[in-house]
Structure formats: structure tokens, C-alpha cells
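One structure below.
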Amino acid sequence: MKNGFLILFVCLIIIYPISIFAEEPIFITKSSTMNKIIFDGKWSFETEWKQSSLKEINTENGIIYLRISHQDEFVFVFLDVLPDKQMDRIVDKSIICFDTKNNKSEYPDTDDYCFVAAMGKQTGMTLQGGSKIPTNNYFKNIKNHQDMIAIGGMSDKHDRYTKTPHASYEFKIPTELIDRSDNYGFYTSVFDYNSEKVFSWPSIDSKKSHIIPSPSKWGDVISPDKTLPEMPVPLVILSVLLISVIGITRKRGFSRFGY
């Protein structure tokens with residue numbers, strides 16, 4: 001019994017710092033309504049992005065709402081940037097990045113992709129890791145997939161959170177590019193040209209809009225409707241360890257009484 005509690009204590013010491021200091025993963029939900037989205041860079045009707053998971057990104061200037069979902073052969077992302085109330089065409093930008101193998105590499109490799117949306121611009125941009133040029137964050141510009149969409153606009157009267165016009169960004173990313181996975185590495189940032197500030201998740205201290213941090217610093221996007229249960233990773237690990245400890249102590253108890 002003592003050995004069982006000792007194992008549990010050691011496991012808690014290992015897991016506790018992870019749950020405290022690491023960013024909680026974002027859950028991506030399966031939807032049946034993403035095919036109805038109007039890609040104009042804003043919340044276009046009341047229920048448009050309702051059937052998607054929600055993550056609040058708290059910044060010093062206000063809240064950014066990240067909504068993410070998947071349907072058929074696409075991943076859909078919406079960034080509702082409430083603090084940015086001024087439209088700065090082209091120079092206001094948002095980026096989302098996927099580490100498709102989630103190997104948390106120090107430098108971006110070929111399985112890392114980023115997608116850039118600019119305010120008021122109809123065509124986004126696709127970046128792929130594997131470049132040897134540090135000034136480009138080790139990413140290279142590649143041809144957009146024909147079905148990829150990345151667009152920025154101003155949400156207003158139909159927005160779920162405020163009717164005051166503010167920046168928002170819509171993305172439609174083909175799984176043909178980023179593969180199907182139940183656990184992506186993930187990073188997103190928004191650049192507000194007017195305030196000259198960068199807001200990101202996970203939070204990375206940067207004042208430059210073009211800086212993409214190392215994939216080793218990215219967070220996680222988990223798909224609970226695939227192989228992982230719908231709970232944070234540290235809790236999954238702890239549950240497995242608890243079951244193992246209980247099994248060990250019961251087995252020793254049975255052996256002691258001759259079973």
C-alpha cells in the first residue's frame with residue numbers, strides 16, 4: 001500500500017507543474033453547420049459560428065474570442081478581435097499555425113503550416129516550415145491550396161459579443177494540407193496596426209507582427225470526438241495513473257490473503 005501511495009505522490013509531482021504552467025489545450029468540435037458560413041471576414045448571421053468550440057484569449061486591451069470546428073475535409077477558425085475597433089486595411093493581420101505532427105520541434109519543419117489573413121484582403125497566404133532563412137522564421141511562402149480561405153473583415157450587428165464594429169478573421173483550412181489529427185500543435189496571433197500590439201495564444205511577448213515563435217512554444221488543439229477523451233491531457237494522464245496504482249494495491253492485497 002505504501003509503495004502505491006509513493007508512486008501516486010511522485011506522479012502528482014510530475015504532473016502538477018504541467019497543469020499549472022502549461023496552457024490548457026483548446027478543444028476542436030465536430031460541426032454540421034460550417035458549410036453554411038459566408039466567408040466575408042465577419043460574423044454574418046446570428047448562428048453562423050455558434051456550433052464551434054470557444055476559447056477566450058484575455059489581453060490587456062480586451063478579449064479575443066477564438067472559435068474552432070471541423071467538418072468534412074476542413075478545419076474552420078474564427079477570431080473575433082473585440083479590442084481592435086479600427087479598420088486598417090492590409091496592415092491589420094491574423095495568423096494561425098498548425099504543427100501537424102505536434103512534435104514540438106525547435107525549428108519549423110515541413111509538417112508545420114501557417115495561414116495569414118489580412119484585413120480587407122480576399123486572398124490569404126500559406127507558409128510552410130523547413131526554410132533555412134531565419135529572417136523568415138524558417139518558413140517559406142508556398143502556393144495556396146485552391147480551397148483554402150483566409151480573410152479579414154469588420155464584425156458588427158450580427159456579432160455574438162458586441163454590435164460595435166471590430167476586426168475579425170475567418171479561415172477555412174483543408175485537411176489535405178494539415179492532415180487529420182486528434183492533436184495538433186497550434187499557435188495564433190493578431191496584429192493591431194493602430195495600437196502596434198501583437199496578441200497571441202499561447203501568449204508570447206512580441207512587438208513585431210511577423211514573428212512566429214518556435215513550434216516548441218505552441219499550444220495544443222485536441223479533437224475529443226476522435227481517440228482522446230473530452231478532458232485536459234494532464235487529467236487523462238492522472239486518471240490512467242490512478243487506475244494503475246489502484247490495480248497494483250489491489251493485486252498486492254489479494255496476494256496477501258492468498259487469492
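The values are calculated or read from the model by the stated rules, or taken from the named source; none is laboratory data. On a predicted model such as this, the values are computed, not experimentally measured, just so you know. Quick reminder, even Gly has a Cβ in these numbers, built from the backbone with ideal geometry, and neighbours come from all protein chains shown. Areas reflect the complete protein model, heavy atoms only, side chains present, ligands, DNA and RNA absent. Shrake-Rupley method; radii C 1.70, N 1.55, O 1.52, S 1.80 Å.
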### Message
Condition first: part of a strand (DSSP E or B), open to solvent by less than 20 Å² (accessible area, probe 1.4 Å) and in contact (Cβ under 8 Å) with a residue 60 or more places away in the chain. Now tell me which residues in segment 39-66 satisfy that.
### Response
I57, I64, L66
### Subset of segment 131-141 (residues that are part of a helix (DSSP H, G or I) and of a type in the set (S, T, Y))
T135
### In segment 160-198, the residues that are under 11 Å from P83 (Cα atoms), buried (at least 23 other Cβ atoms within 10 Å of the Cβ) and among the hydroxyl-bearing types (S, T, Y)
S168
### Message
Just the residues that are modelled with pLDDT under 50 and among the hydroxyl-bearing types (S, T, Y), please, taken from segment 5-42.
### Response
Y16, S19
